[in-house]
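Q: Pasting a structure below so you can have a look.
The values are calculated or read from the model by the stated rules, or taken from the named source; none is laboratory data. Given the structure is predicted, the values throughout are model-derived calculations rather than measurements. When we count neighbours, we look across all protein chains shown, and the Cβ atoms used for this are built from the backbone with ideal geometry, even at glycine. Surface accessibility is based on the protein's heavy atoms, side chains included, excluding ligands, DNA and RNA. Shrake-Rupley method; radii C 1.70, N 1.55, O 1.52, S 1.80 Å.
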Amino acid sequence: MKLPLTFCRLLSRLNRFSVKASPPVSFSTFSYLCSQKKKNSYEAVDQAKYSRLVRSVLSRGPAQTPESLFKEDDVLYGPVSKHKAAEPEPQARVPQHCFPIFNEERTGKPHTDASSSPLKIPLQRNSIPSVTRILQQTMPPEQSFFLERWKERMVLELGEDGFAEYTSNVFLQGKQFHKALESILSPQENLTGGEEHPQCGYIESIQHILTEISGVQALESAVQHEALKYVGLLDCVAEYRGKLCVIDWKTSEKPKPLIRNTYDNPLQVVAYMGAVNHDAHYSFQVQCGLIVVAYKDGSPAHPHFMDEELCSKYWAKWLLRLEEYTEKQKNLSAPEPA
């Protein structure tokens, strides 16, 4: 009889905790969204009052102009820093008279006979200016400044007499070097006892250049440009790697690996080229140039080859220097006003 009694007690406890079903609830999506929609904040603004406020602010003080705005900016932020416009680069000078470096009427070719002697026309001293003089009289200020500073430094180091002796020795060595080259390049002469000469280091320096030179046409020969009125004494006209060149031999104690290191030497070469091509004493035409810088210590010389295009560029610069020299001479000869 205990089991039925226990079961009845359990049922009575369960009835106490029974959950009654809730009545059905219906949801309306449209009404929920409408109830949650926010109102526009601008709708609550008094538009008429706001318009009167704007008009009152704008009506205060004088109307703003671009000039007044600029003044306010100057007070608040300081004056405007105006950017300076870049100045246009100066145009390259062009010669007034573009006389050609090459002679179109000349068709003669250099002789190829190895036994024939190179031309050696003596230089006639006259009133016509030389290439060297023209270049010295028209030296650019910067180049002249560095030259003068070098001279002052040498005088301080060697003294007046020591510097005079130094320049005399340099001139003598250059003269002996050119004399030795004339002997080497002349078919009738041979250099003997080269090691006894002070210039033997210079000769050693140019050995690799001499192997590429052939067909010598002129040595230590004078040239004159009849139309442009100048004269000069060129070192050599010969073929270098198959190209006929005016060759200028230079000596230096410092390395000059670049053509710009030779200063006015390219102008000197093209001046001789133009004179050769228009001088009746020469039947051939030269179209290239070569500057060879030899060193006293025997280190390999630096050759600076100038093709037709480069020669034409330097020729234009030479014409400018020639015009500058002519203008200076006119100013010197002009009578002073009374």
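Q: Which Rg and Dmax, in Å, describe the Cα atoms of segment 248-325?
A: 13.6, 40
Q: Rounded to the nearest 10 Å², what accessible area does Asp248 show when all protein chains are kept and the probe is 1.4 Å?
A: 10 Å²
Q: What accessible area per residue comes out for segment 275-336, rounded to a whole number of Å², with a 1.4 Å probe?
A: Numbers: 3080 Å² over 62 residues.
Here the residues of segment 275-336 average 50 Å² of exposed surface.
Q: Can you give the charge dipole size of segment 112-159 about its Cα centre, rounded to the nearest 20 debye, using +1 on the beta carbon of Lys and Arg and -1 on the beta carbon of Asp and Glu?
A: Working: 6 positive and 5 negative charges, 36 e Å.
Around 180 debye, computed over segment 112-159.
Q: Mind checking segment 230-338 for GluC sites (Glu not before Pro) that DSSP puts in a loop (not H, G, I, E or B) and that have at most 14 other Cβ atoms within 10 Å?
A: Answer by residue number: Glu253.
Q: Which order do His178, His208 take when ranked by solvent-accessible area (1.4 Å probe, heavy atoms of all protein chains), largest first? Don't skip to the answer; put the middle values down first.
A: Details: His178 45, His208 75 Å².
My answer, sorted largest first, is His208, His178.
Q: Could you give the radius of gyration (one decimal) and Dmax (whole number) of the Cα atoms in segment 215-287, in Å?
A: In order Rg, Dmax, the Cα atoms of segment 215-287 give 12.8, 38 Å.
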